[in-house]
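For reference, the structure discussed in these notes is given below.
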Amino acid sequence: MFGPDETPLERTPDTRFGGTPPGRTGPPLAPIAIIGALIVLLIAGGAWWMSRQPAPANATPGAVTTTDAPIAPPPPPPLPALDRMDPLMRSLIGALSSRPELARWLATDDLVQQLAAAIDQASQGKFSSGNFKVIAPAGPFTVSRGGGRRTIDPAGYRRYNGLVDTVTSIDASAAARVYKTIRPRLNEAYRKMGHPDGDVDRALDQALAILIDTPVVRQPIVVVEGTGARWAYADPKLESLKPTQKQLLRMGPDHVDAMLVWLRALRDGLRLEA
């Protein structure tokens with residue numbers, strides 16, 4: 001039922017997919033592709049690139065200064081080398097939000113490389129867990145039974161409140177501007193992942209196109225037993241979606257709505273910057 005690149009919904013925790021062995025409790029694998037794609041926006045904390053320059057020491061408040069020619073803004077400071085980006089990323093993103101979801105991820109290493117890998121996977125409609133498992137929502141995936149069918153339990157959508165609130169609180173336009181600034185290091189990391197002539201801009205655009213094409217399903221989503229310890233979507237159209245889209249659906253229609261609005265704003269911002 002599932003293709004080689006797809007990961008269906010879990011019925012019980014499965015250690016093969018980052019789950020918890022039977023008999024133990026713990027968070028299941030989060031929709032990692034979504035987290036990976038959304039982590040890209042967290043670089044919006046780098047508004048330091050767009051901060052206003054201090055006024056000249058001899059400037060008088062309220063005075064208007066005129067010049068014969070416009071003054072070009074100073075060039076941004078050079079980015080650190082790829083393998084030295086972590087401190088800068090922790091500083092920028094840590095200043096953006098104090099949410100524990102971010103703090104747990106920032107405690108990991110190779111942050112730019114993780115972003116590049118997430119973009120790479122999401123551009124193909126795939127996902128990989130990597131270190132993003134540290135921000136997985138708590139609680140297992142659950143289903144409701146009734147009327148001779150099983151549906152995704154709407155109560156489980158609340159697991160994603162923190163993640164969605166964190167993402168949507170960030171200004172998408174600022175994220176797009178900062179993405180453009182740190183793009184050299186993202187592109188460098190992306191090319192080292194088997195894309196020597198690749199372009200991270202194109203990969204991100206593909207990832208956003210896939211995510212934005214995710215349908216918003218308002219009615220209860222029926223699931224059936226899949227292979228192994230997994231659930232599958234009963235609707236063939238939903239089951240044929242990309243793995244990233246199917247994972248996004250698990251967050252619930254209200255969260256999907258909010259995320260699609262934000263992702264469209266990010267895409268628009270990126271196009272304006274381009």
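Brief remarks on what is shown
- In segment 146-174, the residues that are among the hydroxyl-bearing types (Ser, Thr, Tyr) and touching a His at 6+ places or on another chain (Cβ under 8 Å): Tyr157, Tyr160
- The listed residue being more than 24 Å from Asp120 (Cα to Cα), touching a residue at least 12 places away in the same chain (Cβ under 8 Å) and either touching a Leu at 6+ places or on another chain (Cβ under 8 Å) or not in a helix (DSSP H, G or I) (or both), out of Thr227, Thr214, Thr244: Thr227
- From the list Ile170, Ile152, the lone residue that is over 30 Å from Asp110 (Cα atoms) and touching a residue at least 40 places away in the same chain (Cβ under 8 Å) is Ile152.
- Filter pass, Pro184 being in a loop (DSSP other than H, G, I, E, B) and not β-branched (Val, Ile, Thr): no
- Any chance Val178 is more than 25 Å from Asp201 (Cβ to Cβ) and either surrounded by fewer than 16 Cβ atoms within 10 Å (Cβ to Cβ) or touching a helix residue (DSSP H, G or I) at 6+ places or on another chain (Cβ under 7 Å) (or both): no
- Tyr157 vs. criteria farther than 21 Å from Asp110 by Cα, at pLDDT 90 or above and of a type in the set (Phe, Trp, Tyr): yes
- Verdict on Leu238 being at pLDDT 95 or above and within 21 Å of Gln124 (Cα to Cα): yes
- Test result for Thr151, surrounded by 15 or more Cβ atoms within 10 Å (Cβ to Cβ), polar (S, T, N, Q) and either modelled with pLDDT under 80 or in contact with a Lys or Arg (Cβ under 9 Å, 6 or more places away or on another chain) (or both): yes
- Asp199 meets the conditions (1) surrounded by 14 or more Cβ atoms within 10 Å (Cβ to Cβ); (2) closer than 27 Å to Ala116 by Cα in every case but one. The failed one is (1).
- Candidate set from segment 113-167 (those that are of a type in the set (Gly, Ala, Ser) and part of a helix (DSSP H, G or I)); member that is nearest to Gln247 (Cα to Cα): Ala122
- Test set (1) in contact (Cβ under 8 Å) with a residue 12 or more places away in the chain; (2) surrounded by fewer than 17 Cβ atoms within 10 Å (Cβ to Cβ) - Gly269 fails condition number: (2)
- Flag if Ala209 is surrounded by fewer than 18 Cβ atoms within 10 Å (Cβ to Cβ), of a type in the set (A, V, I, L, M, F, W, C), under 30 Å from Arg271 (Cα atoms) and within 15 Å of the chain's Cα centre (by Cα): yes
The values are calculated or read from the model by the stated rules, or taken from the named source; none is laboratory data. For clarity, every value in this text was computed on a predicted model and none was experimentally measured. Glycine also receives a Cβ, built like all others from the backbone with ideal geometry; neighbour counts cover every protein chain displayed.
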